[in-house]
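What follows is a short report on a single structure.
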Amino acid sequence: MWQSLHDAWWRLATQSHPHTFSDVLACRALQSGSVVYGAAVAIRNAAYDRGWLRQKGLPCRVVSVGNLTVGGTGKTACVELIAKKLIAMGHRAAVLSRGYGGPRRDYWLRWEADHLTVNGASHAVSDGLADEPQLLARRLPGVPVLVGPRRDRSGERACREFAADVVILDDGFQYRRVQRECDIVLIHARTPFGGWAVLPRGPMREPLSSLSRAHIIMITKADEALETLGALGERLRSFNPDAAFVTATHEPTGLLEVMTGHLHDPKRLSGLRVGLLSSIGDPQGFEATVRRLHAMVLWHHTYPDHHRYHAADWAAIVGGGQGGRPDAIVTTEKDWVRLQPLTQHREAVRSPLWVLQVQMKVLSGEDVLDARLARLCAR
């Protein structure tokens, strides 16, 4: 039920001109909601811009990584990239996450001695915790990832308990309660030049004009739209000519075979018949990546972002799809975090389960990005 509603909404949200009478009626209803939502966003931003609402400063530097749309731009990989750059510069970094899809309580994660710790205690089973903080903790060993709805309080704790001198706000562009020295805003390369409508008529959290607040604008998954990249960059510069511009892509780095724990070269997928499983913000991008590795995609089970998998989901997945039995089932790292509790009985898996690992690779503007990070943290 929820899956079909989500798919129907996404189809309408990314459709500028509805084609059927029912779509026209649905879009008009959604547009009414967008008027109210857009007005609320404008009032809130004006309140912060004019000082009517006060931002809270933290006793450390703050870098925000966010976007203007609902998911799909690759924030998690970017947070990992920025954290590694700051650590290489000699800083003690921490990550602050809202923890979407997890419990509404404060906790912190850290990957230590090849296992996940939660609030300092070993945590063997990850079920119930938010997926993105877990993934970040695994990809950033030793770096504390603090989760909670009040990231101003999480930031204070990071400084007090972990001696952090810089924190990274994961998905922080709309979280204006905290002052920041640097706002990095991610724009998907397939974003239309005029942008989409704001929620709920479209997937935009804010209009493109909000890019005026950004210090760094990063066009992500740039390899998916090389033919329009230049024009998109010029369009975005019209909103903020002073921002630094960076382009990046998500590069496959490994293929984890779940049953054996072996890590293979992603090129292993070449020529194989695969089924895909994903519940991320950009399932089309995941599928495009697999196809670029020359795999034949038989089917793709998609679920809404942060979907909590159940036994029935897993049964449908291992049972295959309409396209037939694949040589392997391929999923994402974020999905694997949520799938692990369901895959204890691996003998039920008729096809090997592989996890495609990716990392962000900067294509252009990396020198400017590094200079900005070095300058803000040297103040």
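The values are calculated or read from the model by the stated rules, or taken from the named source; none is laboratory data. Computed from a predicted structure; not experimentally measured. Backbone-built Cβ (ideal geometry, glycine too); neighbour counts: all protein chains shown.
Worth a mention:
- Selection status of Ile87, β-branched (Val, Ile, Thr), in the same structural domain as Phe162 (by TED's automatic domain parsing) and surrounded by fewer than 16 Cβ atoms within 10 Å (Cβ to Cβ): yes
- Close Cβ contacts (under 9 Å, 6 or more residues apart or on different chains) running from residues in segment 162-181 that are outside the structural domain of Ala374 (by TED's automatic domain parsing) and among the charged types (D, E, K, R) to residues that are in a strand (DSSP E or B) and surrounded by 24 or more Cβ atoms within 10 Å (Cβ to Cβ) are absent.
- Check on Val70, in the same structural domain as Ser209 (by TED's automatic domain parsing) and out of contact with any Ser or Thr (no Cβ under 9 Å at 6 or more places or on another chain): yes
- Taken together, the residues in segment 353-374 that are part of a helix (DSSP H, G or I) and buried (at least 18 other Cβ atoms within 10 Å of the Cβ) amount to 3.
- Failed item in (1) outside the structural domain of Arg153 (by TED's automatic domain parsing); (2) small (Gly, Ala, Ser); (3) crowded, with 17+ Cβ neighbours inside 10 Å; (4) under 21 Å from Tyr175 (Cα atoms), with Ala26 passing the rest: (4)
- Residue match in segment 344-352 (condition: closer than 17 Å to Glu287 by Cα, outside the structural domain of Ile187 (by TED's automatic domain parsing), touching a strand residue (DSSP E or B) at 6+ places or on another chain (Cβ under 8 Å) and at pLDDT 75 or above): no
Table: residues versus (1) within 16 Å of the chain's Cα centre (by Cα); (2) crowded, with 18+ Cβ neighbours inside 10 Å; (3) farther than 16 Å from Leu353 by Cα.
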| position | (1), (2), (3) |
| --- | --- |
| Asp282 | yes, yes, yes |
| Gly285 | yes, yes, yes |
| His294 | no, no, yes |
| His300 | no, yes, no |
| His307 | yes, yes, yes |
| His310 | no, no, yes |
| Asp327 | no, no, no |
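Rundown of residues vs (1) closer than 30 Å to His307 by Cβ; (2) of a type in the set (A, V, I, L, M, F, W, C); (3) touching a helix residue (DSSP H, G or I) at 6+ places or on another chain (Cβ under 6 Å), yes/no style:
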residue: Gly233; (1), (2), (3): no, no, no
residue: Val246; (1), (2), (3): no, yes, yes
residue: His264; (1), (2), (3): yes, no, no
residue: Leu269; (1), (2), (3): yes, yes, no
